[in-house]
Amino acid sequence: MPSKRLQIGVVTTFDYVPDPLVQERVRQLARELAKRDVYILTGGASGGLLRLFVEEAVRAGALVISILPHEVEEVPPDHPWYDNVSPIRIWTGLDSFTRSAILVRSCDSIIAVAGGVGTLIEVCMAYGLQVPVVVLTGTGYVADQLRKSFPDGYLDHRKLIRIHYVEDPVEAVELAIRLGEERRKRRP
């Protein structure tokens, strides 16, 4: 029997973001997701905002499943990309972009925060696969560029699924859960 728990993806950057307001929003997002009965899927706690998110989520009691790209699978424990935080690590043997397909397809919905090209690819994949996306704006990088570039929430003329933009981490979680539940009802 399939799990009743939703699988919520969080996609963001491996880069360090020095803005304390962005860091606090990421921590708040992690704590809020941890309060919910969901599985959290990520690309691994290999640095930057993503590591900060995973550390906070695990500290708050969340079950985080990290789907790792081969670039970080075999780094030694003293390497800054070594993931010693995620409770469950899935070693894919795939590069970070190919691994993203597994991550996105496994999610009922996705929350995008800040991010770089990897986050952008994951948002585009989700759009194409009609996986709901909630973008936490005010976090810079790709998240804020998406809102500027696609203010109506559609990435192209097909209008496959609307991307939602929110500024509040609590609202992001609530919306991702609602959209994930709606998607799950439509999935086989």
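The values are calculated or read from the model by the stated rules, or taken from the named source; none is laboratory data. The structure presented is a predicted model; accordingly, all values stated were derived computationally and were not measured. Positions of Cβ are backbone-derived with ideal geometry, glycine not excepted, and every protein chain shown enters the neighbour counts.
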Set 174, 181: member being part of a helix (DSSP H, G or I), of a type in the set (Asp, Glu) and in contact with a strand residue (DSSP E or B) (Cβ under 8 Å, 6 or more places away or on another chain): 181
Among the residues of the stretch 2-28, the number that are surrounded by 17 or more Cβ atoms within 10 Å (Cβ to Cβ) and touching a residue at least 40 places away in the same chain (Cβ under 8 Å) is 14
Residues located in the stretch 43-64, provided they are closer than 18 Å to residue 109 by Cβ, buried (at least 19 other Cβ atoms within 10 Å of the Cβ) and touching a Phe, Trp or Tyr at 6+ places or on another chain (Cβ under 7 Å): 50
Log entry, pairs with first residue in the stretch 66-80 being under 18 Å from residue 99 (Cβ atoms), second being loosely packed, with under 10 Cβ neighbours inside 10 Å and modelled with pLDDT of 90 or more, beta carbons closer than 6 Å, six or more apart or on different chains, reads none
Which numbered condition residue 146 misses (of (1) more than 22 Å from residue 33 (Cα to Cα); (2) among the aliphatic types (A, V, I, L, M); (3) surrounded by fewer than 21 Cβ atoms within 10 Å (Cβ to Cβ)): (3)
